[in-house]
Amino acid sequence: MDAFRVIEIKQSVYADNNAEADRLRGEMKNSKTFLLNLMSSPGSGKTTFLKRTIGELKNDLKIAVLEADIDSDVDARAVAEAGAEAVQLHTGGMCHLTAGMTRQGTETLDSENIDLVVIENIGNLICPAEFDTGAAANVMILSVPEGDDKPLKYPNMFSVCDVLLINKIDVQPYFDFNVDLCTERVRKLNPDIRIFTLSGKTGEGFSPWIQWLKNAVREWQVSDRIQENALMKTRH
Amino acid sequence: MHELGLMAEIVDKIEAVAKENNVTEIETLVLDVGEYSGVVPEYVEECYPAVIEGTLLEKTALKINVIPGKARCENCGTGFAVKGNENCCPRCGSQKCKVIEGGEFVIKEIVAR
């Protein structure tokens with residue numbers, strides 16, 4: 001009988017997903033579609049935030065939303081009423097979204113005619129941070145009631161995002177959320193992250209965010225190059 | 001949390017590798033799991049018996065090498081352990097540091113015949 005031998009494999013478990021993500025990003029670049037991966041905890045106010053964002057942009061951009069949350073809190077109808085096309089993804093109870101699942105969503109869209117696709121990722125701050133969805137930018141929402149200590153508890157998520165939105169800023173007087181302390185904690189993990197404080201409910205602080213998003217979409221559509229985002233920098 | 005799905009993927013990959021190499025028996029599967037890979041070694045071990053059931057790896061032992069987190073300061077180039085330094089260079093205090101090891105989740109090798 002043959003003796004045992006060592007077969008070296010040395011393959012990253014994330015390699016296939018990374019390759020698929022890069023492919024999808026390239027295709028989105030060709031069709032001039034900005035794919036935005038939105039991550040947060042459940043209850044962070046994503047629905048209200050998304051509806052307002054869509055409302056502010058719908059005259060300038062054609063928008064679609066890919067709904068991945070298992071325990072979805074965004075009603076597809078509510079998103080449609082706000083002015084965007086909504087697609088429900090079938091994630092089969094997974095705790096994160098992969099590039100392959102994202103593709104299933106984008107393939108149902110007429111992406112040649114869509115400027116912005118928002119992926120509403122699964123609501124948790126752990127698993128989605130590990131998987132590149134193929135998005136151009138990764139954005140997370142942290143809401144005031146969740147607390148300013150979240151960067152200490154979920155450092156990975158804060159490291160892979162290009163933008164942090166501190167939401168529900170209208171209720172800050174009722175909580176001991178310290179924006180400066182939170183900002184300091186986040187910058188320690190990710191010095192280049194953009195931070196906006198806003199309220200999806202009242203619209204407070206929304207215009208700098210909308211301006212950033214408009215610029216990011218425009219830049220994606222006019223430049224030939226795919227700029228490396230924060231998640232791509234941390235990929236293994 | 002996502003260990004089960006990842007392990008199922010690994011089993012598929014190993015079965016493909018085994019086929020390519022005309023392997024009939026796999027004694028050990030060796031994984032490198034970085035301290036900061038987001039993968040919890042205990043969870044991997046816990047779900048392992050379930051994912052190998054009925055596969056070529058049914059009798060395969062699992063060995064996990066935990067890879068400690070290492071970072072390099074982008075300002076002064078110092079390499080240091082992530083643990084205890086909180087992404088802050090112990091030499092110059094810069095916060096522009098890059099994790100260079102400990103983020104990986106890699107199928108290292110199999111011992112087979």
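The values are calculated or read from the model by the stated rules, or taken from the named source; none is laboratory data. The structure presented is a predicted model; accordingly, all values stated were derived computationally and were not measured. Accessible surface areas use protein heavy atoms only, side chains included; no ligands, DNA or RNA. Shrake-Rupley method; radii C 1.70, N 1.55, O 1.52, S 1.80 Å.
Side notes on the structure shown:
- Binned Cα-Cα distance frequencies in the range A:1-144 - 5 Å width, integer %: 2, 10, 19, 22, 19, 12, 5, 3, 2, 2, 2, 1, 1, 0, 0
- Here the Karplus relation 6.51 cos²θ - 1.76 cosθ + 1.60, evaluated at θ = phi - 60°, turns the backbone of the range A:26-36 into coupling constants of x, 5, 5, 5, 4, 8, 6, 10, 8, 9, 10 Hz, with x for every Gly and Pro.
- Separation between Cα centres of the range A:105-169 and the range A:15-57, rounded to whole Å: 8 Å
- Kirkwood Rh in Å, taken over all unlike Cα pairs in the range B:1-99: 15.7 Å
- Taken one residue at a time, the phi angles of the range A:161-168 give Karplus couplings (6.51, -1.76, 1.60, θ = phi - 60°) of 9, 8, 9, 10, 10, 8, 9, 6 Hz. Gly and Pro are set to x.
- Based on C-alpha pairs under 8 angstrom that are at least 6 apart in sequence, chain B has a relative contact order of 36 percent.
- List A:212, A:220, ordered by accessible area with a 1.4 Å probe, largest first: A:212, A:220
- Computed on the Cα trace of the range A:69-217, the radius of gyration divided by the Kirkwood hydrodynamic radius gives Rg/Rh = 0.95.
- Our summary gives chain A a relative contact order of 25 percent, counting only alpha carbon pairs under 8 angstrom and 6 or more residues apart.
- D (Stokes-Einstein, µm²/s), Kirkwood Cα radius, the protein assembly as shown, 0.692 mPa s at 37 °C: 152 µm²/s
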